[in-house]
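Input: a single structure, listed below in C-alpha coordinates.
The values are calculated or read from the model by the stated rules, or taken from the named source; none is laboratory data. Bear in mind the structure is a predicted one, so any value in this text is a computation, not a measurement. As a convention, Cβ positions derive from the backbone with ideal geometry for all residues, glycine included, and neighbour counts pool all protein chains shown. Accessible surface is based on the protein model in full, side chains and every heavy atom, while ligands, DNA and RNA are left aside. Shrake-Rupley method; radii C 1.70, N 1.55, O 1.52, S 1.80 Å.
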Amino acid sequence: MILHPGILSLILGSAIVLAMVAYGGWIGLQILRRWDFDSSSEGQLDLERKTSLVSTLAAYALGFQAVSTLLYLYTVDDIHSLFVGAMCATGSLNAAPGGWAVLAVKSLALLLSLIWIAYNRFDQRAGDYPIVRAKYTALLGLAPLVAADLALQIRYFTALEPEVITSCCGALFSEGGTGVASELAGLPVKPMLWLFYATVAAFLAAALVCLVGRSPGSRFALAAVSLVLLVVVLASIVSFLSLYIYELPTHHCPFDMLQRQYRFIGYPIYLTLLAAVYFGLLPGLFQPLRRVPSLSGLIAAAEPRWLTWALVSVLAFVAIASWPVLFGSLTMVGY
(Lines give C-alpha, C1' and ligand atoms only; values in the text may rest on other atoms or scores of the structure.)
Protein backbone atom coordinates (compact mmCIF):
# COMPACT_ATOMS: atom_id res chain seq x y z
CA MET A 1 0.00 0.00 0.00
CA ILE A 2 2.75 2.42 0.93
CA LEU A 3 4.31 1.94 -2.53
CA HIS A 4 1.40 3.77 -4.14
CA PRO A 5 2.90 6.74 -6.09
CA GLY A 6 0.67 9.27 -4.34
CA ILE A 7 1.54 7.94 -0.90
CA LEU A 8 5.27 7.90 -1.66
CA SER A 9 5.06 11.48 -2.96
CA LEU A 10 3.22 12.65 0.13
CA ILE A 11 5.59 11.05 2.63
CA LEU A 12 8.78 11.97 0.75
CA GLY A 13 7.56 15.50 0.11
CA SER A 14 6.53 15.99 3.75
CA ALA A 15 9.93 14.72 4.92
CA ILE A 16 11.71 17.22 2.66
CA VAL A 17 9.40 20.01 3.82
CA LEU A 18 10.12 19.15 7.46
CA ALA A 19 13.89 19.16 6.83
CA MET A 20 13.74 22.55 5.12
CA VAL A 21 11.47 24.06 7.77
CA ALA A 22 13.71 22.67 10.53
CA TYR A 23 16.75 24.24 8.86
CA GLY A 24 14.84 27.50 8.49
CA GLY A 25 13.92 27.31 12.17
CA TRP A 26 17.58 26.82 13.10
CA ILE A 27 18.53 29.93 11.16
CA GLY A 28 15.54 31.64 12.73
CA LEU A 29 16.90 30.96 16.21
CA GLN A 30 20.17 32.65 15.25
CA ILE A 31 18.26 35.62 13.86
CA LEU A 32 16.14 35.95 16.99
CA ARG A 33 19.33 36.09 19.07
CA ARG A 34 21.68 38.15 16.89
CA TRP A 35 19.70 40.14 14.28
CA ASP A 36 20.57 43.86 14.14
CA PHE A 37 19.78 45.49 10.81
CA ASP A 38 21.61 48.69 11.76
CA SER A 39 24.84 46.78 12.24
CA SER A 40 27.35 46.30 9.42
CA SER A 41 29.27 43.53 11.13
CA GLU A 42 30.32 40.38 9.33
CA GLY A 43 27.89 38.32 11.41
CA GLN A 44 24.95 40.54 10.44
CA LEU A 45 25.87 40.44 6.75
CA ASP A 46 26.07 36.63 6.98
CA LEU A 47 22.60 36.51 8.58
CA GLU A 48 21.16 38.73 5.84
CA ARG A 49 22.54 36.44 3.14
CA LYS A 50 21.21 33.40 4.96
CA THR A 51 17.75 34.81 5.57
CA SER A 52 17.30 35.63 1.88
CA LEU A 53 18.14 32.07 0.86
CA VAL A 54 16.36 30.32 3.73
CA SER A 55 13.20 32.42 3.35
CA THR A 56 12.97 31.44 -0.31
CA LEU A 57 13.52 27.76 0.47
CA ALA A 58 10.96 27.86 3.28
CA ALA A 59 8.43 29.56 1.00
CA TYR A 60 8.79 26.78 -1.60
CA ALA A 61 8.61 24.13 1.11
CA LEU A 62 5.45 25.59 2.61
CA GLY A 63 4.06 25.98 -0.91
CA PHE A 64 4.35 22.21 -1.33
CA GLN A 65 2.83 21.77 2.12
CA ALA A 66 -0.21 23.71 0.91
CA VAL A 67 -0.48 21.78 -2.37
CA SER A 68 -0.07 18.46 -0.53
CA THR A 69 -3.57 18.89 0.90
CA LEU A 70 -5.03 18.49 -2.58
CA LEU A 71 -2.64 15.62 -3.31
CA TYR A 72 -3.78 13.93 -0.10
CA LEU A 73 -7.44 14.25 -1.05
CA TYR A 74 -6.72 12.92 -4.53
CA THR A 75 -4.70 10.00 -3.16
CA VAL A 76 -7.20 8.84 -0.53
CA ASP A 77 -9.94 9.06 -3.15
CA ASP A 78 -7.83 7.13 -5.66
CA ILE A 79 -7.11 4.23 -3.28
CA HIS A 80 -10.70 3.79 -2.09
CA SER A 81 -11.25 0.99 -4.63
CA LEU A 82 -8.74 -1.14 -2.70
CA PHE A 83 -11.00 -1.40 0.36
CA VAL A 84 -14.18 -3.41 0.72
CA GLY A 85 -17.11 -1.11 1.44
CA ALA A 86 -15.40 2.10 0.36
CA MET A 87 -16.99 4.23 -2.35
CA CYS A 88 -14.91 7.41 -2.04
CA ALA A 89 -12.29 9.12 0.11
CA THR A 90 -14.50 8.67 3.19
CA GLY A 91 -13.97 4.92 3.09
CA SER A 92 -10.19 5.35 2.78
CA LEU A 93 -10.11 7.82 5.68
CA ASN A 94 -12.07 5.35 7.83
CA ALA A 95 -9.87 2.38 6.85
CA ALA A 96 -7.15 3.10 9.43
CA PRO A 97 -6.66 5.34 12.48
CA GLY A 98 -5.40 8.82 11.74
CA GLY A 99 -6.88 9.45 8.30
CA TRP A 100 -9.15 12.24 9.45
CA ALA A 101 -6.44 13.67 11.71
CA VAL A 102 -4.11 13.99 8.71
CA LEU A 103 -6.82 15.84 6.79
CA ALA A 104 -7.39 18.24 9.71
CA VAL A 105 -3.68 18.94 10.20
CA LYS A 106 -3.10 19.41 6.47
CA SER A 107 -6.05 21.79 6.19
CA LEU A 108 -4.73 23.93 9.04
CA ALA A 109 -1.18 23.82 7.65
CA LEU A 110 -2.53 24.78 4.21
CA LEU A 111 -4.01 28.07 5.43
CA LEU A 112 -1.14 28.93 7.78
CA SER A 113 1.46 28.15 5.11
CA LEU A 114 -0.20 30.44 2.58
CA ILE A 115 -0.36 33.23 5.16
CA TRP A 116 3.31 32.76 6.04
CA ILE A 117 4.26 32.92 2.36
CA ALA A 118 2.42 36.24 2.05
CA TYR A 119 4.20 37.68 5.11
CA ASN A 120 7.55 36.46 3.83
CA ARG A 121 6.99 38.07 0.43
CA PHE A 122 6.38 41.48 1.96
CA ASP A 123 9.27 41.13 4.40
CA GLN A 124 11.65 40.45 1.50
CA ARG A 125 10.25 43.24 -0.68
CA ALA A 126 10.50 45.85 2.07
CA GLY A 127 14.29 45.82 1.97
CA ASP A 128 14.85 46.42 5.69
CA TYR A 129 13.31 43.08 6.81
CA PRO A 130 10.84 44.77 9.21
CA ILE A 131 9.09 41.58 10.34
CA VAL A 132 11.98 39.13 10.09
CA ARG A 133 11.79 38.19 13.79
CA ALA A 134 8.03 37.66 13.70
CA LYS A 135 8.36 35.69 10.47
CA TYR A 136 10.88 33.24 11.88
CA THR A 137 8.98 32.95 15.16
CA ALA A 138 5.96 31.90 13.09
CA LEU A 139 8.13 29.45 11.13
CA LEU A 140 9.26 27.89 14.40
CA GLY A 141 5.60 27.58 15.33
CA LEU A 142 4.82 25.86 12.03
CA ALA A 143 7.60 23.28 12.45
CA PRO A 144 5.70 21.10 15.00
CA LEU A 145 2.63 21.18 12.74
CA VAL A 146 4.70 19.99 9.76
CA ALA A 147 6.30 17.30 11.94
CA ALA A 148 2.87 16.15 13.15
CA ASP A 149 1.68 16.00 9.55
CA LEU A 150 4.53 13.69 8.56
CA ALA A 151 4.16 11.48 11.65
CA LEU A 152 0.39 11.12 11.22
CA GLN A 153 0.77 10.30 7.52
CA ILE A 154 3.29 7.55 8.23
CA ARG A 155 1.05 6.13 10.96
CA TYR A 156 -2.03 6.24 8.76
CA PHE A 157 -0.57 4.93 5.50
CA THR A 158 1.42 2.12 7.13
CA ALA A 159 -1.72 0.95 8.96
CA LEU A 160 -3.78 0.58 5.77
CA GLU A 161 -4.67 -3.01 4.90
CA PRO A 162 -6.66 -3.95 1.75
CA GLU A 163 -8.41 -6.75 3.66
CA VAL A 164 -10.05 -4.26 6.03
CA ILE A 165 -13.80 -3.76 5.59
CA THR A 166 -14.44 -0.05 5.97
CA SER A 167 -17.55 2.12 6.22
CA CYS A 168 -18.69 4.25 3.31
CA CYS A 169 -19.92 7.82 3.25
CA GLY A 170 -23.54 6.68 3.44
CA ALA A 171 -22.95 5.43 6.97
CA LEU A 172 -21.03 8.48 8.18
CA PHE A 173 -22.93 11.33 6.50
CA SER A 174 -26.44 10.09 7.21
CA GLU A 175 -29.36 11.84 8.82
CA GLY A 176 -30.39 10.44 12.18
CA GLY A 177 -26.95 9.07 13.01
CA THR A 178 -24.52 10.14 15.72
CA GLY A 179 -21.54 12.45 15.39
CA VAL A 180 -20.81 15.80 13.81
CA ALA A 181 -21.12 14.49 10.24
CA SER A 182 -24.63 13.18 10.87
CA GLU A 183 -25.65 16.41 12.59
CA LEU A 184 -24.49 18.41 9.56
CA ALA A 185 -26.34 16.05 7.22
CA GLY A 186 -29.49 16.53 9.30
CA LEU A 187 -29.49 20.33 9.08
CA PRO A 188 -32.70 21.57 7.39
CA VAL A 189 -32.20 22.41 3.72
CA LYS A 190 -34.13 25.66 3.32
CA PRO A 191 -32.74 27.47 6.40
CA MET A 192 -29.22 26.40 5.41
CA LEU A 193 -29.81 27.60 1.85
CA TRP A 194 -30.87 31.03 3.14
CA LEU A 195 -27.92 31.14 5.55
CA PHE A 196 -25.54 30.16 2.75
CA TYR A 197 -26.57 32.95 0.39
CA ALA A 198 -26.86 35.48 3.24
CA THR A 199 -23.27 34.75 4.28
CA VAL A 200 -22.07 35.09 0.70
CA ALA A 201 -23.91 38.42 0.44
CA ALA A 202 -22.28 39.60 3.68
CA PHE A 203 -18.86 38.63 2.31
CA LEU A 204 -19.49 40.53 -0.94
CA ALA A 205 -20.72 43.59 0.95
CA ALA A 206 -17.73 43.58 3.32
CA ALA A 207 -15.26 43.21 0.42
CA LEU A 208 -16.90 46.06 -1.51
CA VAL A 209 -16.81 48.32 1.55
CA CYS A 210 -13.09 47.60 1.92
CA LEU A 211 -12.53 48.26 -1.77
CA VAL A 212 -14.06 51.75 -1.66
CA GLY A 213 -13.10 52.75 1.90
CA ARG A 214 -10.05 52.83 4.15
CA SER A 215 -11.54 51.92 7.53
CA PRO A 216 -9.39 49.42 9.48
CA GLY A 217 -12.56 48.07 11.08
CA SER A 218 -13.94 47.02 7.71
CA ARG A 219 -10.78 44.95 7.08
CA PHE A 220 -11.17 43.14 10.37
CA ALA A 221 -14.88 42.65 9.68
CA LEU A 222 -14.06 41.10 6.29
CA ALA A 223 -11.58 38.71 7.94
CA ALA A 224 -14.24 37.64 10.44
CA VAL A 225 -16.84 37.17 7.70
CA SER A 226 -14.31 35.12 5.71
CA LEU A 227 -13.96 32.63 8.57
CA VAL A 228 -17.74 32.50 9.00
CA LEU A 229 -18.08 31.90 5.24
CA LEU A 230 -15.69 28.93 5.47
CA VAL A 231 -17.68 27.31 8.28
CA VAL A 232 -21.09 27.99 6.72
CA VAL A 233 -20.06 26.73 3.28
CA LEU A 234 -18.56 23.49 4.62
CA ALA A 235 -21.75 22.87 6.59
CA SER A 236 -23.84 23.76 3.53
CA ILE A 237 -21.93 21.32 1.33
CA VAL A 238 -22.89 18.46 3.63
CA SER A 239 -26.38 19.80 4.33
CA PHE A 240 -27.74 20.62 0.87
CA LEU A 241 -25.21 21.43 -1.87
CA SER A 242 -24.12 17.79 -2.13
CA LEU A 243 -27.74 16.73 -2.61
CA TYR A 244 -28.10 18.91 -5.70
CA ILE A 245 -24.74 17.82 -7.11
CA TYR A 246 -25.54 14.09 -6.74
CA GLU A 247 -29.27 14.62 -7.43
CA LEU A 248 -30.08 12.32 -4.53
CA PRO A 249 -31.93 13.55 -1.42
CA THR A 250 -29.99 11.25 0.92
CA HIS A 251 -26.41 11.57 -0.38
CA HIS A 252 -24.52 14.10 1.78
CA CYS A 253 -20.88 13.12 1.14
CA PRO A 254 -18.46 16.05 0.60
CA PHE A 255 -15.91 13.83 -1.20
CA ASP A 256 -17.77 12.02 -3.99
CA MET A 257 -17.87 15.31 -5.90
CA LEU A 258 -14.11 14.94 -6.39
CA GLN A 259 -14.68 11.96 -8.68
CA ARG A 260 -14.89 11.72 -12.46
CA GLN A 261 -18.61 10.85 -12.64
CA TYR A 262 -19.34 14.26 -11.13
CA ARG A 263 -16.89 16.00 -13.50
CA PHE A 264 -14.47 16.67 -10.62
CA ILE A 265 -16.68 19.59 -9.62
CA GLY A 266 -15.46 19.35 -6.04
CA TYR A 267 -11.99 20.68 -6.94
CA PRO A 268 -13.14 24.05 -8.34
CA ILE A 269 -15.66 24.36 -5.51
CA TYR A 270 -13.07 23.87 -2.79
CA LEU A 271 -10.33 25.85 -4.58
CA THR A 272 -12.50 28.91 -5.22
CA LEU A 273 -13.77 28.77 -1.63
CA LEU A 274 -10.19 28.61 -0.33
CA ALA A 275 -9.16 31.52 -2.56
CA ALA A 276 -12.10 33.66 -1.39
CA VAL A 277 -11.37 32.99 2.29
CA TYR A 278 -7.61 33.50 1.88
CA PHE A 279 -7.83 36.82 0.04
CA GLY A 280 -10.60 37.91 2.38
CA LEU A 281 -8.34 37.33 5.38
CA LEU A 282 -5.26 39.14 4.05
CA PRO A 283 -6.41 42.78 4.42
CA GLY A 284 -7.29 42.23 8.09
CA LEU A 285 -4.15 40.23 8.82
CA PHE A 286 -1.90 42.89 7.28
CA GLN A 287 -3.78 45.89 8.72
CA PRO A 288 -1.55 46.15 11.85
CA LEU A 289 1.56 46.18 9.62
CA ARG A 290 0.44 49.33 7.81
CA ARG A 291 2.04 51.23 10.69
CA VAL A 292 5.45 50.00 9.52
CA PRO A 293 6.80 52.69 7.13
CA SER A 294 8.53 50.30 4.73
CA LEU A 295 5.41 48.10 4.47
CA SER A 296 2.63 50.68 4.38
CA GLY A 297 2.95 51.51 0.67
CA LEU A 298 3.39 47.86 -0.35
CA ILE A 299 0.27 46.79 1.54
CA ALA A 300 -1.76 49.72 0.19
CA ALA A 301 -0.80 48.72 -3.35
CA ALA A 302 -1.60 45.03 -2.77
CA GLU A 303 -4.95 45.46 -1.02
CA PRO A 304 -7.01 46.28 -4.14
CA ARG A 305 -5.65 43.13 -5.81
CA TRP A 306 -6.51 41.00 -2.76
CA LEU A 307 -10.02 42.39 -2.61
CA THR A 308 -10.53 41.94 -6.35
CA TRP A 309 -9.39 38.34 -6.14
CA ALA A 310 -11.65 37.79 -3.12
CA LEU A 311 -14.65 39.09 -5.08
CA VAL A 312 -13.79 37.13 -8.23
CA SER A 313 -13.19 33.94 -6.24
CA VAL A 314 -16.43 34.11 -4.24
CA LEU A 315 -18.46 34.91 -7.37
CA ALA A 316 -16.84 32.00 -9.20
CA PHE A 317 -17.55 29.75 -6.21
CA VAL A 318 -21.21 30.81 -6.03
CA ALA A 319 -21.64 30.32 -9.79
CA ILE A 320 -20.21 26.79 -9.67
CA ALA A 321 -22.03 25.77 -6.49
CA SER A 322 -25.35 27.31 -7.55
CA TRP A 323 -25.48 25.76 -11.03
CA PRO A 324 -26.84 22.36 -9.87
CA VAL A 325 -29.18 24.12 -7.42
CA LEU A 326 -30.69 26.31 -10.14
CA PHE A 327 -30.52 24.04 -13.16
CA GLY A 328 -30.30 20.49 -11.78
CA SER A 329 -33.17 18.04 -12.00
CA LEU A 330 -33.49 17.59 -8.22
CA THR A 331 -36.32 19.53 -6.55
CA MET A 332 -36.25 19.59 -2.76
CA VAL A 333 -39.98 19.73 -2.02
CA GLY A 334 -40.89 19.56 1.65
CA TYR A 335 -37.34 20.15 2.96
- Hits in region 80-96 - residues which are more than 15 Å from Asp256 (Cβ to Cβ) and either at pLDDT 90 or above or in contact with a Phe, Trp or Tyr (Cβ under 7 Å, 6 or more places away or on another chain) (or both): Ala95, Ala96
- Message: Any residue at all in region 133-154 that's touching a residue at least 12 places away in the same chain (Cβ under 8 Å), closer than 23 Å to Pro288 by Cβ and among the charged types (D, E, K, R)?
- Response: yes
- Task: Would you point out which residue out of Leu281, Leu285 is within 13 Å of Leu222 (Cβ to Cβ), open to solvent by 30 Å² or more (accessible area, probe 1.4 Å), part of a helix (DSSP H, G or I) and in contact with a helix residue (DSSP H, G or I) (Cβ under 8 Å, 6 or more places away or on another chain)?
- Result: Leu285
- State all residues of region 303-329 that are part of a helix (DSSP H, G or I), touching a helix residue (DSSP H, G or I) at 6+ places or on another chain (Cβ under 6 Å), more than 16 Å from Leu230 (Cα to Cα) and not hydrophobic (A, V, I, L, M, F, W, C); if no residue qualifies, say none. Glu303, Pro324
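Show me the helices (runs of 4 or more DSSP H) found entirely inside region 23-141 where at least 1 residues are in contact with a helix residue (DSSP H, G or I) (Cβ under 6 Å, 6 or more places away or on another chain) and open to solvent by 20 Å² or more (accessible area, probe 1.4 Å). Spell out the reasoning first.
Values: elements: 42-78, 89-94, 99-126.
Once the helices (runs of 4 or more DSSP H) in region 23-141 are filtered for at least 1 residues that are in contact with a helix residue (DSSP H, G or I) (Cβ under 6 Å, 6 or more places away or on another chain) and open to solvent by 20 Å² or more (accessible area, probe 1.4 Å), what remains is 42-78, 99-126.
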- Checked against (1) open to solvent by less than 10 Å² (accessible area, probe 1.4 Å); (2) part of a helix (DSSP H, G or I), Leu208 satisfies every condition except (1)
- Task: Select, from Ala96, Ala202, the only residue that is over 20 Å from Phe279 (Cα atoms) and among the small types (Gly, Ala, Ser).
- Result: Ala96
